[in-house]
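Enquirer: Structure in structure tokens, see below.
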Amino acid sequence: MLRISPTRFVRQIRASDSFADSLRILVAMGGIVLWCQWQGNPHLMIPLLLGSIAGALAETEDTGLKRLKALLGTLALFTVTVTSITALFPFTLPFAVALPLAAFAVIMLGAIGNRCAAISGATIILAIYTMLVNDQHLVPGMSTWSQARWILQGAAWYGALSLLWGALFPEQIIRQSLATVFDALAGYLDCKARLFEPDDGSHLERTQLEL
């Protein structure tokens, strides 16, 4: 039976791509819960956590100034989305017309690249969260506009934490980028090696296309 020492297990967990992301999300969510409990208003957890989740889904692997620009662009798109849905939600016909058009525009924005695709998907999820908040009135005694504002603040909180995290631990992002590069290189070499395997030629064209 193969046994892994606790030290090696912890080292493998820390080296995982998802460890830093999971820890950052834990800090973000835990911070929201503690702050709401300290304020004596646990109902605020719902819109804050929803906004924080959307912010986490929109996170990119950029560093430095690019990360800041991506965050500002994400928050701007989130603001337009939340404001538009909150304003149009009481009006059935305009909302029904605007929603599919906006969804199409956001999805096409995601076709630009991987960075935009992450932001696009998170924006659609944020739109669903905003509709849920407007329909269910999840925070008693609070207007829909105030609930929408707390959703945006949750997204901004996660974005600020992500920027601070990247500044404090820049080597984690570099390690993840290097790991992605070497993983892609390994796949390229493995595919190229298959060209030298004995074959009747039936898979040659497919392997060349994959290469």
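The values are calculated or read from the model by the stated rules, or taken from the named source; none is laboratory data. Being a predicted model, the structure only gives us computed values, none of them experimental. Every residue, glycine among them, receives a Cβ derived from its backbone with ideal geometry; neighbour counts consider all protein chains shown. All accessible areas refer to the heavy atoms of the entire protein, side chains included, with ligands and DNA or RNA removed. Shrake-Rupley method; radii C 1.70, N 1.55, O 1.52, S 1.80 Å.
Conditions (1) at pLDDT 90 or above; (2) part of a helix (DSSP H, G or I); (3) touching a Ser or Thr at 6+ places or on another chain (Cβ under 7 Å); (4) surrounded by fewer than 18 Cβ atoms within 10 Å (Cβ to Cβ), marked per residue:
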site: Leu65; (1), (2), (3), (4): no, yes, no, yes
site: Leu68; (1), (2), (3), (4): no, yes, no, yes
site: Phe78; (1), (2), (3), (4): yes, yes, yes, no
site: Thr81; (1), (2), (3), (4): yes, yes, yes, no
site: Ser84; (1), (2), (3), (4): yes, yes, no, yes
site: Ala87; (1), (2), (3), (4): yes, yes, no, yes
site: Ala118; (1), (2), (3), (4): no, yes, yes, no
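Enquirer: Which count do you get for residues in the range 123-152 that are part of a helix (DSSP H, G or I), open to solvent by less than 10 Å² (accessible area, probe 1.4 Å) and touching a residue at least 60 places away in the same chain (Cβ under 8 Å)?
Expert: Here the count works out to 6.
Enquirer: For a quick check of your reading of the model, give me the residue pairs whose first member lies in the range 89-103 and is within 19 Å of Ile124 (Cβ to Cβ), whose second is small (Gly, Ala, Ser) and assigned to a helix (DSSP H, G or I), with beta-carbon atoms closer than 9 Å and at least 6 apart or on different chains.
Expert: From residues that are within 19 Å of Ile124 (Cβ to Cβ), the pairs are Ala98/Ser84; Leu99/Ala127; Ala102/Ser84; Ala102/Ala127; Ala103/Ala127.
Enquirer: Is there a residue being under 30 Å from Leu44 (Cβ atoms) and hydrophobic (A, V, I, L, M, F, W, C) anywhere in the range 107-119?
Expert: So far as the range 107-119 goes, yes, one or more of its residues are under 30 Å from Leu44 (Cβ atoms) and hydrophobic (A, V, I, L, M, F, W, C).
Enquirer: Of the residues that make up the range 11-22, is at least one at pLDDT 85 or above and surrounded by 14 or more Cβ atoms within 10 Å (Cβ to Cβ)?
Expert: no
Enquirer: State all residues of the range 153-169 that are crowded, with 17+ Cβ neighbours inside 10 Å and farther than 16 Å from Leu48 by Cβ; if no residue qualifies, say none.
Expert: Trp165, Gly166
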